[in-house]
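Working notes, structure below.
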Amino acid sequence: MTEDRDRDRFEVAYARKDEQMILSVTAGKGLTAQEAIEQSGILRRFPEIDLKVNRVGVFGKLTRLDQILDPGDRVEIYRPLIADPKEIRRKRAAQGKATRKQTRGKSRPDRGNDIADREPA
C-alpha cells in the first residue's frame, strides 16, 4: 500500500484524424516526458510516431523529452503540420484583397438605403 502512495498518475495523449487516445501511466517522481511516452505503450499502438520528428508538450505548451513531469501532467504528442498556418493566412488575405478590388466601383443592388438611390420627394 505504501508503494502506491509514492506513485503518481500521468497521461499520454495522441490524436489522428480518425482516432484519439489518452493513456494513463503510474510512476514514481522524476518521470520524464519521454519515459511516460515509452511506458504508456502508445509507440506500439501508433508506429508512425517518431520522437525525433514529432514535437511534444504538456497541456498545450511545447516541452522537451527530458522534462521532468509534475503529478497529473498530460504529455501530448503532436503530429507534424501539413501546411504552414502563416502561409495559409497570407493566401487568404491575398484572396480577400483581390475580391475587394473586383467589387470596388460596382454598384451594389443590395444596398437601396443610400441617399443617391432615393427618389426625390
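The values are calculated or read from the model by the stated rules, or taken from the named source; none is laboratory data. On a predicted model such as this, the values are computed, not experimentally measured, just so you know. Cβ: placed from backbone, ideal geometry, glycine included. Neighbour counts: every protein chain shown.
Quick look at the numbers
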| quantity | calculated |
| --- | --- |
| Residue satisfying all of: in region 66-91; of a type in the set (A, V, I, L, M) and either without any contact (Cβ under 8 Å) to a residue 24 or more places away in the chain or in a loop (DSSP other than H, G, I, E, B) (or both); farthest from residue 27 (Cα to Cα) among these | 88 |
| Identity of the residue in region 2-17, out of contact with any strand residue (DSSP E or B) (no Cβ under 7 Å at 6 or more places or on another chain) and within 22 Å of residue 60 (Cβ to Cβ), that ends up modelled with the highest pLDDT | 15 |
| Qualifying residue in region 55-66 (condition: within 16 Å of the chain's Cα centre (by Cα), of a type outside the set (D, E, K, R), at pLDDT below 95 and surrounded by fewer than 10 Cβ atoms within 10 Å (Cβ to Cβ)) | yes |
| Residue ID - farthest from the chain's Cα centre (by Cα), chosen from residues in region 2-49 that are in a loop (DSSP other than H, G, I, E, B) and exposed (fewer than 10 other Cβ atoms within 10 Å of the Cβ) | 6 |
| Test for residue 45: is it closer than 23 Å to residue 19 by Cα and among the basic types (Lys, Arg) | yes |
